[in-house]
1. Helix 3-17 versus the longest principal axis of the chain: what angle, 0 to 90°, nearest 10, using Cα atoms?
2. What's the magnitude of the charge dipole for the chain around its Cα centre, counting Lys and Arg as +1 and Asp and Glu as -1 at the beta-carbon? Answer in Debye, nearest 20.
3. Can you work out the Karplus-derived ³J(HN,Hα) for every residue in the stretch 33-47? Use 6.51 cos²θ - 1.76 cosθ + 1.60 with θ = phi - 60°, whole Hz, and x for glycine or proline.
4. Please list, short to long, the whole-number percent of alpha-carbon pairs of the chain in consecutive 10 angstrom bins beginning at zero.
5. Given Cα pairs under 8 Å that are at least 6 residues apart, what percent is the relative contact order of the stretch 3-50?
6. When the label point is put 7 Å from the Cα of M18 along its Cα-to-beta-carbon vector, which residues of the stretch 34-55 have a backbone N closer than 16 Å?
Amino acid sequence: MSISEANAFAFSLAKSLMVNIVIFRAGDGSLTVVPADEYDGETSQIVREIDPHAR
């Protein structure tokens, strides 16, 4: 997934679920999107966090 696809997907997911979403780089280098409370990896792998409540 490209960075623009990951951002679009993460923003949509954050707005739908109203939870923080994390975009992170997986071990194979690909970008992945998950709810922040489900992410248990290294913080250094986080590319961006999207907060649906932020202005």
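Only the coordinates and a few stated rules stand behind these numbers; no lab work does. Since this is a predicted model, take the numbers as computed values, not measurements. Ideal geometry is used to build each Cβ from the backbone, glycine not excepted, and the neighbour counts take in all protein chains shown.
1. So the inclination is approximately 40 degrees.
2. Numbers: 4 positive and 8 negative charges, 59 e Å.
So the magnitude is around 280 debye.
3. Each residue's phi maps through the Karplus curve to give 10, 8, x, 4, 6, 9, 7, 10, x, 6, 5, 5, 8, 6, 8 Hz.
4. Percent of Cα pairs in each bin: 27, 57, 15, 0.
5. Details: 65 pairs, mean separation 18.5, N = 48.
It rounds to 39 percent for the stretch 3-50.
6. 51-55
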